[in-house]
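The values are calculated or read from the model by the stated rules, or taken from the named source; none is laboratory data. These numbers were taken from a predicted model, which means no experiment stands behind them. We place every Cβ from the backbone using ideal geometry, glycine too, and count neighbours over all the protein chains shown.
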Amino acid sequence: MQRRNPFPTLAHRLTMKNSWQAVTNARAFGERKRAGKPRHKAPKPPKRKRKVIDRFYSSEEWKRLRYKVPTLHGARCQCCGATPQDGAVMNVDHIKPRKRYPALALEITNLQVLCAWCNQGKGAIDQTDWRQW
């Protein structure tokens with residue numbers, strides 16, 4: 001196996017010189033094009049949607065309605081049947097999500113009792129009414 005020459009040939013040097021010159025010219029063009037513009041975009045302000053959600057869940061209307069649902073349906077998960085005596089944390093869940101159906105947010109017919117595991121698994125995608133099962 002032949003060893004590679006550590007000193008490049010004249011043709012190689014010219015080729016490399018031209019390629020580096022092309023790269024340098026492209027960089028200079030890009031720098032001229034971006035002149036006066038900041039290199040990085042300014043960070044966007046944080047979204048304030050979370051405060052709106054918190055405000056809804058801390059409203060008096062929601063608190064009153066939330067208390068009525070377990071008394072109406074019982075304190076048992078309507079999906080898996082878990083109870084607080086089993087150690088389950090109970091949640092009042094919107095069957096049709098508030099984001100898509102804001103008019104149904106305070107309708108007692110749109111609420112069901114689920115344990116934390118079932119409520120988290122259901123999310124806002126599934127609209128299964130577990131009250132009928």
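With the requirement that a residue be charged (D, E, K, R) and either under 26 Å from the mean Cα position of the chain (by Cα) or within 22 Å of residue 122 (Cβ to Cβ) (or both), what does region 64-91 give you?
Start the filter on region 64-91 by keeping residues that are charged (D, E, K, R), which leaves 64, 66, 68, 76, 86.
Within region 64-91, 66, 68, 76, 86 meet the criteria.
Please specify each residue of region 69-91 satisfying the condition of being over 7 Å from residue 115 (Cβ atoms) and part of a loop (DSSP other than H, G, I, E, B).
Result: 74, 75, 76, 78, 79, 81, 83, 87.
Looking only at residues that are within 12 Å of residue 62 (Cα to Cα) and assigned to a loop (DSSP other than H, G, I, E, B) in region 92-119, which one is farthest from the chain's Cα centre (by Cα)?
It comes out as 107.
Which residue pairs have Cβ atoms closer than 8 Å, lie 6 or more positions apart in sequence or on different chains, and pair a first residue in region 121-133 that is under 11 Å from residue 94 (Cα atoms) and modelled with pLDDT under 80 with a second residue that is part of a loop (DSSP other than H, G, I, E, B) and among the β-branched types (Val, Ile, Thr)?
Close Cβ pairs (under 8 Å, with a partner that is part of a loop (DSSP other than H, G, I, E, B) and among the β-branched types (Val, Ile, Thr)) amount to 128/95.
Could you check region 70-114 and list, in sequence order, the residues that are over 14 Å from residue 129 (Cα atoms), crowded, with 18+ Cβ neighbours inside 10 Å and among the hydrophobic types (A, V, I, L, M, F, W, C)?
If the condition is that a residue be over 14 Å from residue 129 (Cα atoms), crowded, with 18+ Cβ neighbours inside 10 Å and among the hydrophobic types (A, V, I, L, M, F, W, C), then 82, 88, 90, 105 are the ones that fit.
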